[in-house]
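Below: one structure, written as structure tokens.
The values are calculated or read from the model by the stated rules, or taken from the named source; none is laboratory data. Since we're looking at a predicted model, the values are computed, not measured. As a convention, Cβ positions derive from the backbone with ideal geometry for all residues, glycine included, and neighbour counts pool all protein chains shown. Accessible surface is based on the protein model in full, side chains and every heavy atom, while ligands, DNA and RNA are left aside. Shrake-Rupley method; radii C 1.70, N 1.55, O 1.52, S 1.80 Å.
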Amino acid sequence: MLELRDLSFEVTPENGAKKEIIRNINLTIEDHSLTAITGPNGGGKSTLAKLIMGIEKPTGGQILYNGQDITNLSVTDRAKFGISFAFQQPVRFKGIKVKDLITLASGTKLSTVDACEYLSKVGLCARDYINRDVDASLSGGELKRIEIATIIARNTPLSVFDEPEAGIDLWSFNNLIKVFEDMKSARENSLIIISHQERILNIADNIIVIADGKVKEQGAAKNLLPHLLSGTGGCKFYQ
Amino acid sequence: MDQIQQTLLEQIAGLHELPAGAYNIRANGKSAARNTTANIDIITKEDKQGIDIKIKDNTKKESVHIPVILSQTGLTEMVYNDFYIGDNCDVTIVAGCGIHNSGSQESRHDGIHSFFIGKNSHVKYVEKHYGSGDGNGENVMNPTTIVHVGEGSFMEMETVQIRGIDSTKRTTTCDLEKDAKLVITERLMTHGKQYAESDFQVDLNGENSSTNLISRAVAKEDSRQLFVAKINGNNKCAGHSECDAIIMDNAKISAIPEITANHLDAALIHEAAIGKIAGEQIIKLMTLGLTEAEAEEQIVNGFLK
Ligand SMILES: Nc1ncnc2c1ncn2[C@@H]1O[C@H](COP(=O)(O)OP(=O)(O)OP(=O)(O)O)[C@@H](O)[C@H]1O
Ligand SMILES: [Mg+2]
């Protein structure tokens with residue numbers, strides 16, 4: 001179980017005044033659940049995910065994971081604790097191969113066949129990609145799918161995906177939904193998926209709407225979805 | 001050959017035993033083993049230190065290994081190796097120098113390699129430098145390479161220096177005739193207080209000659225590097241040089257690319273980029289469970305691969 005208590009994050013740009021990006025967020029993510037986080041651009045979703053992974057340090061509040069305070073743990077320690085994060089904009093490397101990255105993610109020695117299996121899950125023809133560098137030669141959508149494959153390979157109790165659908169074509173998107181449904185039906189791991197996509201919101205157990213650094217609304221998907229998708233709710237949150 | 005010499009040989013030439021084909025192994029200033037073939041002759045120079053390697057026309061799929069090892073502290077040497085490669089050849093030449101210095105005096109190997117490549121030949125030349133030893137004596141290497149690429153020939157040169165050389169100045173001078181092609185790939189890593197300088201000059205003299213110089217370098221701790229690449233386009237030709245470097249700790253790197261077009265149809269490009277490891281690369285690997293130090297090591301190893 002992941003608990004955010006009164007979590008805040010503010011930045012002070014060199015020239016300007018303090019800016020509150022996350023404002024006193026209180027949230028609980030239950031085990032074995034799929035939580036979708038949605039809300040307008042700039043609302044603070046990616047920042048929240050980075051706070052959970054430890055990439056940003058909160059300026060106030062606490063993060064508890066399975067009852068333990070992880071607020072001051074490093075990214076590495078959180079990763080070892082069982083938290084994974086798929087970046088909204090995945091990182092490129094000169095000289096690191098797709099297979100190397102998936103192997104590092106899995107934390108074990110992987111055979112080429114095993115590594116290929118993860119790529120196939122995200123709709124990539126594995127043989128074409130396994131020995132390529134994760135560098136500027138990959139297209140945006142290819143990179144995004146490889147990023148998701150690394151998270152599948154990690155197979156941790158908590159996985160956070162930041163807009164996994166962005167830049168992904170229709171065919172692969174169907175695959176992706178299946179990947180999340182499989183992860184969900186396995187009922188072993190919890191997923192947090194930041195998304196603007198109705199089809200992802202549809203497979204979620206819970207939905208959280210973040211806007212202006214705050215939780216605007218949260219609840220079971222079946223209760224929230226109808227009014228989120230009807231114009232009125234949408235207008236309220238996306239203005 | 002003792003254990004230290006064996007290790008050096010393995011590091012620079014990947015050799016566990018005597019290689020197939022022609023070879024000349026030089027250990028502590030003397031020729032330790034030599035083999036010639038019907039097409040490849042190796043002759044000791046009379047007037048100075050070094051050897052002549054003569055490769056007959058039409059020699060295909062043969063190789064020459066000429067490793068040099070120094071395991072005696074305080075030894076300094078200047079060696080001249082001349083390669084005469086005929087027409088229509090396809091050969092691989094593996095050179096390299098390993099120094100193990102466990103004493104307190106400077107060990108130093110300066111080699112001048114000259115290549116005279118005939119017409120329509122393909123030469124792959126691999127050179128590795130490696131130093132080890134626990135003494136205070138410095139390991140110094142100053143290799144000079146001079147290459148004449150004949151009409152229609154292709155020279156591929158790969159140089160690697162990953163560890164243990166305290167000071168190095170590498171000078172590479174090349175000229176190319178009509179339709180000749182030269183590709184140089186350099187991999188360099190320095191650490192501690194090491195200094196490395198790489199100086200390339202390529203003259204594209206022949207019509208449709210081309211070159212590509214690619215350098216990947218990492219400087220750690222207090223080490224310093226200087227990369228100079230000069231390409232002169234003297235005819236209708238294509239030249240490209242690229243220096244891509246990672247700097248860490250207190251290291252310093254300078255890259256000085258220079259391109260000169262002396263002909264209207266010379267197309268020359270240079271690129272140089274120096275910077276530290278991108279923070280987001282380290283963070284991404286940390287999210288996979290690596291520590292910061294492990295992440296850096298992965299990134300550097302991949303970059304130099
Ligand atoms: N280090 C920073 N310095 C200044 N402003 C920042 C910083 N990090 C984030 N912000 C700002 O905080 C706000 C929230 O950013 P965040 O990336 O979390 O939004 P988001 O909800 O993920 O948006 P999107 O849907 O566009 O991905 C934005 O206005 C952004 O410009
Ligand atoms: Mg975002």
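Among strands (runs of 3 or more DSSP E) lying entirely in region A:1-60, which contain 2 or more residues that are away from chain B (no Cβ under 14 Å) and over 22 Å from A:Glu181 (Cα atoms)? Can you show your working first?
Details: elements: A:2-11, A:19-29, A:34-38.
In region A:1-60, A:2-11, A:19-29 are the strands (runs of 3 or more DSSP E) which contain 2 or more residues that are away from chain B (no Cβ under 14 Å) and over 22 Å from A:Glu181 (Cα atoms).
Name every residue in region A:30-54 that is away from ligand 1 (no atom under 11 Å from the Cβ) and either in contact with a helix residue (DSSP H, G or I) (Cβ under 6 Å, 6 or more places away or on another chain) or within 21 Å of A:Ala211 (Cα to Cα) (or both), in order of residue number.
Selection gives A:Leu34, A:Thr35, A:Ala36, A:Ile52, A:Met53, A:Gly54.
Test A:Leu228 against the criterion of being within 17 Å of A:His32 (Cα to Cα) and within 16 Å of ligand 1 (Cβ to nearest atom), and give yes or no. So that I can check it myself, show each step before the final result.
Values: within 17 Å of A:His32 (Cα to Cα): no; within 16 Å of ligand 1 (Cβ to nearest atom): yes.
Considered against the rule, which asks whether it is within 17 Å of A:His32 (Cα to Cα) and within 16 Å of ligand 1 (Cβ to nearest atom), A:Leu228 comes out as no.
Take A:Val160 and tell me if it is in contact with a helix residue (DSSP H, G or I) (Cβ under 7 Å, 6 or more places away or on another chain) and at pLDDT 95 or above.
Working: in contact with a helix residue (DSSP H, G or I) (Cβ under 7 Å, 6 or more places away or on another chain): yes; at pLDDT 95 or above: yes.
The answer is yes for A:Val160.
Look through region A:179-197, keep the residues that are of a type in the set (Gly, Ala, Ser) and surrounded by 16 or more Cβ atoms within 10 Å (Cβ to Cβ), and return whichever of them is farthest from ligand 2 (Cβ to nearest atom). Steps first, answer last, please.
Taking region A:179-197 as the starting set, the residues that turn out to be of a type in the set (Gly, Ala, Ser) are A:185-186, A:190, A:195.
In the following step, the residues that additionally are surrounded by 16 or more Cβ atoms within 10 Å (Cβ to Cβ) were identified as A:190, A:195.
Values: A:Ser190: 20, A:Ser195: 10 Å.
In this case the residue turns out to be A:Ser190.
Exactly one condition in (1) within 14 Å of chain B (Cβ to nearest Cβ); (2) within 16 Å of ligand 2 (Cβ to nearest atom) is not met by A:Phe81; state its number.
(2)
Answer yes if at least one residue in region A:46-53 is closer than 17 Å to A:Leu158 by Cα, more than 16 Å from ligand 2 (Cβ to nearest atom) and open to solvent by 10 Å² or more (accessible area, probe 1.4 Å), and no otherwise.
No, there is no match, as no residue in region A:46-53 is closer than 17 Å to A:Leu158 by Cα, more than 16 Å from ligand 2 (Cβ to nearest atom) and open to solvent by 10 Å² or more (accessible area, probe 1.4 Å).
Of A:Thr76, A:Thr108, A:Thr112, A:Thr103, which residue is of a type in the set (S, T, N, Q), surrounded by fewer than 17 Cβ atoms within 10 Å (Cβ to Cβ), away from ligand 1 (no atom under 16 Å from the Cβ) and closer than 21 Å to B:Glu297 by Cα?
Numbers: A:Thr76 fails: surrounded by fewer than 17 Cβ atoms within 10 Å (Cβ to Cβ); A:Thr112 fails: closer than 21 Å to B:Glu297 by Cα; A:Thr103 fails: surrounded by fewer than 17 Cβ atoms within 10 Å (Cβ to Cβ).
One residue alone meets the criteria, A:Thr108.
Would you say A:Leu176 is part of a helix (DSSP H, G or I), over 24 Å from A:Asn202 (Cβ atoms) and open to solvent by less than 60 Å² (accessible area, probe 1.4 Å)?
Values: part of a helix (DSSP H, G or I): yes; over 24 Å from A:Asn202 (Cβ atoms): no; open to solvent by less than 60 Å² (accessible area, probe 1.4 Å): yes.
In short, no.
Output the number of residues of region A:144-173 satisfying the condition of being within 12 Å of another protein chain (Cβ to nearest Cβ) and within 16 Å of ligand 2 (Cβ to nearest atom).
3
Contact list please: Cβ distance under 9 Å, first residue in region B:238-262 and touching a residue at least 60 places away in the same chain (Cβ under 8 Å), second residue part of a strand (DSSP E or B) and hydrophobic (A, V, I, L, M, F, W, C), pairs at least six apart or on different chains.
Once the first residue is touching a residue at least 60 places away in the same chain (Cβ under 8 Å) and sits in region B:238-262, its partners that are part of a strand (DSSP E or B) and hydrophobic (A, V, I, L, M, F, W, C) give B:Ala251/B:Val218; B:Ala251/B:Ala219.
Among the residues of region A:88-112, what is the count of those that are within 12 Å of chain B (Cβ to nearest Cβ), assigned to a loop (DSSP other than H, G, I, E, B) and in contact with a Ser or Thr (Cβ under 8 Å, 6 or more places away or on another chain)?
The qualifying residues number 1.
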